[in-house]
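To start, the structure under review is shown below, and the notes come after it.
The values are calculated or read from the model by the stated rules, or taken from the named source; none is laboratory data. Keep in mind that what you see is a predicted model, and the values were worked out from it rather than measured. Methodologically, a virtual Cβ is constructed for each residue, glycine included, from the backbone with ideal geometry; neighbour enumeration extends over all protein chains shown.
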Amino acid sequence: MSNQNLFSALRNAFPSDLDQIAVETEQGLCYSWRDLDRASAMVANLFDGLGIPAHSRVAVQVEKSVEALILYLATLRAGHVFLPLNTAYQSAEIEYFIGNAEPAVVVCSGKNHGWVSPIAFKAGTQYVFTLNDDRTGSLLDRAASQSDRHQPAIRRADDLAAILYTSGTTGRSKGAMLSHGNLLSNAAILKNYWGWVPGDVLIHALPIFHVHGLFVAIHGAMLNGSKMIWHAKFDPRRVIADMPRATVFMGVPTLYVRMLADLDLNRQAVARMRLFIAGSAPLLIETFQEWQQRTGHTILERYGMSETIMLTSNPYAADPRYDGQSERRGGTVGFTLPEVSLRVLDDQGQPCAVDEIGGIQVRGPNVFSGYWRMPEKTAEEFTADGYFKTGDVGKIDPRGYITIVGRSKDLIISGGYNVYPAEIEGFINDMPGVAESAVVGVPHPDFGEVGVAVVIPKPQGRLNGEEIIAILKARLANFKIPKRCFVVDELPRNTMGKVQKNLLREQHKALFKS
């Protein structure tokens, strides 16, 4: 049997000259492909020497560093299961994740060792190591004496490679189980669909505890043998300064907004760039258009989730499956990726007509097998014919472009009518002086539920909530109109820039209580 370990596929894609630079940091440190190979072998040998069971979970909560990337590669190489944890998580959250996943190894930042290690040992974890972003920590100390040669563990395509915990906005976080085959199939499809070519250089400025930065960006660069310019933290000026040496950038919408606010961003700065990709949160059409005008580049927006990696993408080049269309359309997430099947169904489970809104379901080699230790939840989220219910609501236009309208849990049912927040947000965002908006549903004694709008003004903008509602009344059916509109300085967001609507719902839930 050929080894279907994801690490083997990534290693086979390394350039023949292993002394080429693989990763360059902001501090000017350069890691060659040979460095990545040797260092990941040493950490993998350390894991082998610990005597932990095959397929053990390795939970990791560390700051972004090249050594953290090496730890990820080593975990795959040794045949274990990588479990990345958001660096913002605190003790109660870490206690849940470690208790649920029961990792054999936990790796944390040195500054957190004092409170992470008791939680880990209490849950039965055998080993706790530290890893810092300055190339120090007990993990590296212990690995230093290991051999720099290692034969990758034999793994099948359906063996578990990673567990990603979802954000948990509707109850306890769920661990999405992703296999070596899930991750490799998606990376291989994106390599072709996004036109990766020899000589491409990726600016990596995303966190690496999330699908976008860890899988989409890193796998894309490594499977192409491409150098990464590594930014531990996003700084718009420093990223723009690196663009003359790069060709590909991946970011969440917030990063594009921050770069547009920097005067250094112009056509000359991006002249060598080939591709800008956005995802993880909706990209406002205003940002899409302003980027086009300032840079001459059209951002490619795509759609994915922890359970499926990438599902759809605007085309990089002409897509023969869709009559050779190549337009990247703002406000859409493009076409279904090759090998992915996507359908939109109504509340009765029937296929939606063109441009009709319904629930999005998907199937394909990239779709996860289920939630860790949650068989009932897994069964609930899959249809009898094997489609995963994404929980997203959307529509497909006559040309095949997919638009995400929102999350099904964000749906507001007011007086028996379905209200889609994204539709209302679109109207509000088009109003002069509005930077961004969020609409959420809250309990109401008469209607069951009504909408509440929360709006951020542009700099120096002056907005009035009552005036916004008055404008909406002239444009939308009455049942869609938010009952209240608040103007605020900022919206609550997670680390990937997504608005945390659950916090807004909680904040305003008592608004209409009698």
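Do we have Arg321 as outside the structural domain of Val211 (by TED's automatic domain parsing), surrounded by fewer than 20 Cβ atoms within 10 Å (Cβ to Cβ) and outside any loop (DSSP other than H, G, I, E, B) here? Walk me through how you get there before you give the answer.
On the way: outside the structural domain of Val211 (by TED's automatic domain parsing): yes; surrounded by fewer than 20 Cβ atoms within 10 Å (Cβ to Cβ): yes; outside any loop (DSSP other than H, G, I, E, B): yes.
The answer is yes for Arg321.
Scanning the range 59-105 for residues that are closer than 24 Å to Gly497 by Cα and assigned to a loop (DSSP other than H, G, I, E, B) yields Val62, Glu63, Lys64, Ser65, Leu85, Asn86, Thr87, Ala88, Tyr89, Gln90.
Conditions (1) free of Cβ contacts under 8 Å to residues at least 60 places away in the same chain; (2) more than 27 Å from the chain's Cα centre (by Cα), marked per residue:
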| residue | (1), (2) |
| --- | --- |
| Ser16 | yes, yes |
| Val23 | no, no |
| Asp35 | yes, yes |
| Leu46 | no, yes |
| Leu50 | no, yes |
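The residues of the range 25-50 that are modelled with pLDDT of 95 or more and part of a loop (DSSP other than H, G, I, E, B) amount to a single one, Leu29. Restricting attention to the range 488-503, the residues being closer than 26 Å to Ile413 by Cβ and either free of Cβ contacts under 8 Å to residues at least 40 places away in the same chain or not basic (Lys, Arg) (or both) number 8. One residue alone among Leu472, Leu491, Leu463 is modelled with pLDDT under 95, assigned to a loop (DSSP other than H, G, I, E, B) and touching a helix residue (DSSP H, G or I) at 6+ places or on another chain (Cβ under 8 Å), and that residue is Leu491.
Which of the residues belonging to the range 352-386 are part of a loop (DSSP other than H, G, I, E, B) and on the phi > 0 side of the Ramachandran plot?
Filtering the range 352-386 for residues part of a loop (DSSP other than H, G, I, E, B) gives 352-357, 364-369, 372-374, 383-386.
Hits for the range 352-386 are Asp355, Gly364, Arg373, Gly386.
If you check Arg302 against the conditions, is it of a type outside the set (Gly, Ala, Ser), in a strand (DSSP E or B) and either touching a strand residue (DSSP E or B) at 6+ places or on another chain (Cβ under 6 Å) or farther than 24 Å from Leu411 by Cα (or both)? I'd like the intermediate steps shown before the answer.
Values: of a type outside the set (Gly, Ala, Ser): yes; in a strand (DSSP E or B): yes; either touching a strand residue (DSSP E or B) at 6+ places or on another chain (Cβ under 6 Å) or farther than 24 Å from Leu411 by Cα (or both): yes.
Criteria met by Arg302.
When each of Val452, Val440, Val499 is tested for being surrounded by 16 or more Cβ atoms within 10 Å (Cβ to Cβ), touching a Leu at 6+ places or on another chain (Cβ under 8 Å) and over 19 Å from Tyr417 (Cα atoms), the lone residue that passes is Val499.
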